[in-house]
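Remarks on the structure that follows.
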Amino acid sequence: MRQLPLNCSHEHEAQRAKLNQKRDRENAMTPMRMTYRTVFKVYQSKNRAPYLFQSRSYSQSQCQSRPEPERSSFGIAFDIDGVILRGRVPVGGSPRALRKLYGTSGTLKAPFLFLTNGGGIPESRRAAELTELLGVNILPSQVVQGHTPFKSLLRRYENELIIALGKGEPALVMSDYGFKKVLSLDEYASYFKNIDPVSQYKLWRTKQALDCSHPKESVPRYDVYSDRVSAAFVVSDPVDWGRDIQVLCDILRSGGFPGQENGHQPPLYFAADDLEYQAAFPSERLGMGAFRIALESIFNTIHHDALEYVSFGKPNPFVFKNTEAILTQLQPSHCHNDTTNTGNSQSHAFKTLYMIGDNPSVDVKGAQQAGHPWFSILTRTGVFKGKDNHAEFPADLVVDTVEEAVDYILKREGTS
Ligand SMILES: [Mg+2]
């Protein structure tokens, strides 16, 4: 690189450059200080999608010299299917509704997250998908899927052979949570010749299934013939109900060794229990709850003991308690106890938590069972299409769309 001689004018230029650099640094500090006050800050990206910035990098000394960040007295949990999306298409003005949660300066008005019984992909990937579809940057911590609570079972099954089934990538979801010996039901079944007696008729099989369809050529990653299946997890909506019911019955009634004599049933976990849900088709589709009924009915007919299982997902009160804790963590961080406030939600309790859903028996029932501070809002863009309120599980408010719901909340909270 060629070096220029430093004459008088160059010295002036150098001094001016130094001053400009100093001013730039000072200007750069100003928005940083502002973000401290609000913690959640929105930056505009190329497609003008607000970027959620969670400020956790301020030092203790900086925190002590600043006023405490403001905390919202309310939070929002959005259901996805039938409220935000139908299939992959936004409904009810959902992108606009989410943008209304940000002020003109890009400040987030209240913490929000997505609480869905759906799943089949890791939360990080779901967050990226929602970001793309809705034009608002969504963090993985803002996505609570039906199978998210399976994380709480890690200590029990971390090194045990477990089976994961459902659409998407159920085994990847479980591995992502830390489970070390997990096989998809697709892969597991492929190691047992003739376990599915009608497999040769399934011309619709996907590439993923075909990759696992040569048991003689592939070597099992684990010793599936002598390793007992410790538990089965229905992570997302099953794809091949007939094969899945057959293989689950084999695993569950044999005590974890398909093809062998009866044994004690390994635990069975469902990510949700929705009988129906609203997808892209005009009428509702059969959900995981319908699959559970089919499996339970068949298992109880062919086995002497009734099927034992645990269902997570809404309306389980555990899910709403967990959601409240996550929304508390999404609140502006408190400098003095930033790392400890998550365990003490009492001192920062929300006055109201809104559950916006389309399914009375899942979203509204769940919020009702959870009690204070939950407030249920039912939309008409999904499962519920009634004119008035639902008879069995009446919501606190019924609106047409999620945008109307957000308008109502912001007006009620005085932040519109
Ligand atoms: Mg729904």
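Set side by side, the residues Leu353, Leu410 differ, and just one is within 20 Å of the chain's Cα centre (by Cα), more than 15 Å from the ligand (Cβ to nearest atom) and either more than 21 Å from Leu286 (Cα to Cα) or surrounded by fewer than 19 Cβ atoms within 10 Å (Cβ to Cβ) (or both), which is Leu353. If you check Leu115 against the conditions, is it closer than 30 Å to Tyr177 by Cα and either outside the structural domain of Val364 (by TED's automatic domain parsing) or modelled with pLDDT under 95 (or both)? No: the conditions fail for Leu115. For the stretch 249-261, give me each residue that is free of Cβ contacts under 8 Å to residues at least 40 places away in the same chain and either among the polar types (S, T, N, Q) or touching a helix residue (DSSP H, G or I) at 6+ places or on another chain (Cβ under 9 Å) (or both). Of everything in the stretch 249-261, those that are free of Cβ contacts under 8 Å to residues at least 40 places away in the same chain and either among the polar types (S, T, N, Q) or touching a helix residue (DSSP H, G or I) at 6+ places or on another chain (Cβ under 9 Å) (or both) turn out to be Ser254, Phe257, Gln260.
For the stretch 107-129, the set of residues classified as over 23 Å from Val364 (Cβ atoms) and within 16 Å of the ligand (Cβ to nearest atom) consists of Gly120, Arg126, listed by residue number. Kindly indicate the residue of the stretch 74-98 that is farther than 24 Å from Glu276 by Cα and in a strand (DSSP E or B) and also nearest to the ligand (Cβ to nearest atom) among those meeting that condition. Checked the stretch 74-98; the qualifying residue nearest to the ligand (Cβ to nearest atom) is Gly75. Out of Lys167, Lys180, one residue alone is over 19 Å from Leu113 (Cα atoms), without any contact (Cβ under 8 Å) to a residue 24 or more places away in the chain and outside the structural domain of Leu101 (by TED's automatic domain parsing). It is Lys180. Within the stretch 359-407, the set of residues being more than 16 Å from the ligand (Cβ to nearest atom), of a type outside the set (Lys, Arg) and not in a helix (DSSP H, G or I) comprises Gly371, His372, Pro373, Trp374, Phe375, Asp388, Asn389, Ala391, Glu392, Pro394, Asp396, Leu397.
In contact with a Leu (Cβ under 6 Å, 6 or more places away or on another chain), surrounded by fewer than 18 Cβ atoms within 10 Å (Cβ to Cβ) and more than 19 Å from Phe78 (Cα to Cα): is that true of Glu308 in this structure? When the stated conditions are applied, Glu308 does not pass them.
Residue-by-condition table, conditions (1) modelled with pLDDT under 90; (2) under 19 Å from Leu172 (Cα atoms); (3) within 16 Å of the ligand (Cβ to nearest atom); (4) charged (D, E, K, R):
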position	(1), (2), (3), (4)
Leu183	no, yes, no, no
Asp186	no, yes, no, yes
Lys202	yes, no, no, yes
Gln208	yes, yes, no, no
Arg228	no, no, no, yes
Ala231	no, yes, no, no
Pro238	no, yes, no, no
Leu268	no, yes, no, no
Gln278	yes, no, yes, no
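Selection of the stretch 184-196 for residues being charged (D, E, K, R) and either in contact (Cβ under 8 Å) with a residue 40 or more places away in the chain or in a helix (DSSP H, G or I) (or both) yields Asp186, Glu187, Asp196.
When the stretch 263-303 is filtered for residues that are touching a residue at least 40 places away in the same chain (Cβ under 8 Å) and not hydrophobic (A, V, I, L, M, F, W, C), the ones remaining, listed by number, are Gln265, Pro267, Tyr269, Asp273, Asp274, Glu276, Tyr277, Gln278, Glu284, Gly287, Arg292, His303. Pairs under 9 Å by beta carbon, first residue on the phi > 0 side of the Ramachandran plot in the stretch 68-95, partner modelled with pLDDT of 95 or more and in a helix (DSSP H, G or I), six or more apart or different chains? As it stands, the answer is Gly92/Val402; Gly92/Glu403; Gly92/Glu404; Gly92/Ala405; Gly93/Val402; Gly93/Glu403; Gly93/Glu404; Gly93/Val406, since those pairs meet every condition given.
The values are calculated or read from the model by the stated rules, or taken from the named source; none is laboratory data. Fair warning: this is a prediction, and the values are worked out from it, not measured in the lab. Counting neighbours? That spans all protein chains shown, and the Cβs are built from the backbone with ideal geometry, glycine included.
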